[in-house]
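None of the figures in this text is laboratory data; all of them are computed from the coordinates on show. Model, not experiment: these values are computed from the prediction. Here the Cβ positions follow ideal geometry from the backbone for every residue, glycine too, while neighbour counts run over all protein chains shown.
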Amino acid sequence: MEAVDVVGAGAIGVTVGYALLAGGVPVRFVEKDAHKVAAGNRHGVRLGTEPPRPAEFLLFDRWQPRPDRWVILCTKCYDNPVVLERLNPRIPLLPIQNGLDPALEAFPHSYAGIAAFVAQAQQEEPAARITRRGPLYVGRRHGPEGDGPSRGNGPDHGNGIRRGDGSDRGESAAALVTALRRSGHLHVRWKDDIRPIQAAKLWYNAAIAPLATLAGVDNAALLEHPALRRLFIALLRENYRILCQAGVRLGWLGPLPPPLVARVLRCRPLVALLAPFFARSLRGTYCSMSGDLTRGRTEVDAYTGALLHLARQAGVPAPLNTVLYELLQQAAACRLRPHPVLVEPLLSLLSQKGGHAVPHPLRSVPNA
Ligand SMILES: NC(=O)C1=CN([C@@H]2O[C@H](COP(=O)(O)OP(=O)(O)OC[C@H]3O[C@@H](n4cnc5c(N)ncnc54)[C@H](OP(=O)(O)O)[C@@H]3O)[C@@H](O)[C@H]2O)C=CC1
Ligand SMILES: CC(C)(CO)C(=O)C(=O)O
């Protein structure tokens, strides 16, 4: 198939780009970081302990996207506006990002991906490693009742993707998915409507990322430390209330369907029983936001900000998210070093609601 442009050679861009190369698709990486561009052109791109693969690297400033090439957008959401400025609706776009970014939502595009694996990038090198395996979901942004692309009246491509969107994008999207599957590096699941998966990822992510980032802990600590776990579960419950009352459909992401997850979250003994099982698989994995606090910018607007927007629209109280949003904005503005005490105001809020005081348990959380 035609070459594709992967914009952002970080954790997700490198992982997906490497898989495409392995699946036989020529990839051009577009990067802002000149060191990465130079290193990539010299040594190629690396995924874990796999051998490096040669690829073309181009500086973002010199990039001119073309209508015959897919753009796979793998930057953080806060970098979207500068990238979108270069695009037009004729250029096929596949963002693989977390959260709901208003700038991206307003930009016409028919497909999106959601990474349910965790990856970590290397600084100044186009290299990444997968720290927790999981599927890459790819799909259309409109369901059977939507704009027609997935009404199911076109022929199946043999991989679950149907033609029939009035353009040839269905076939080239199918070719992308086929190449990614062929690579053997990623487990790719096709979704006729990706939006419920995006919403479910937002549900979990808007609890994991801001807490782990502020506290400076790995993802497992949110389940292992009792005070952090209490916060994490309370936030997951608030996020669920917001999404449900705002009428957002949640997809099945992970081992349990959303209503069952919500029931488990209401039952403390069950959470305590299941937590070690989930914590084990998250140990040593860091959320993608974790390095962003000290750089002064995070994706909080696309996570907590998006939830607060939905909460306002639906008239749902969102006390934890309101405080969390402020905490993250302030911490990023001051480039604070992450520390468990940064989430203490949330714990106080929870104690007030529950009517019983919590001492200062967070000082004992080992800080990463
Ligand atoms: N890492 C993970 O495990 C997961 C990440 N995600 C989501 O995927 C998205 C990407 O995250 P991740 O890969 O971790 O992020 P990274 O920070 O690792 O990678 C983003 C890359 O994009 C570069 N970049 C920034 N602006 C531009 C630009 N204008 N043109 C080209 N490149 C640019 C960055 O350079 P620089 O560093 O110099 O700014 C960086 O190298 C996010 O939305 C994240 O939430 C989703 C699931 C899991
Ligand atoms: C691992 C996880 C779920 C944490 O928020 C993630 O998606 C990320 O790091 O971007």
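Tabulated results
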read-out: Helix-derived mean residue ellipticity, 222 nm - over the chain, DSSP H n ≥ 4, -39500 (n - 2.57), to 500; value: -12500 deg cm²/dmol
read-out: On Cα atoms only, tilt of 319-333 relative to the major axis of the chain in degrees; value: 70 degrees
read-out: Cα gyration tensor shape of the range 197-364, rounded if a/c is under 1.5, else prolate or oblate by comparing a/b with b/c; value: rounded
read-out: Built amide H within the under 5 Å cut-off of G48, gap 5+; value: A128, R129, I130
read-out: Whichever aspartates and glutamates have a C-alpha closer than 17 Å to that of K201, once near sequence neighbours (fewer than 8 apart) are set aside; value: D101, E105, D192, D193, E238, E299, D301
read-out: Proximal charge balance of T285 [Cβ under 14 Å; K/R count +1, D/E count -1]; value: +3
read-out: The chain: angle of helix 195-215 to the longest principal axis, Cα-based, in degrees nearest 10; value: 50 degrees
read-out: In degrees, nearest ten, helix 268-282 long axis to first principal axis of the chain (Cα); value: 40 degrees
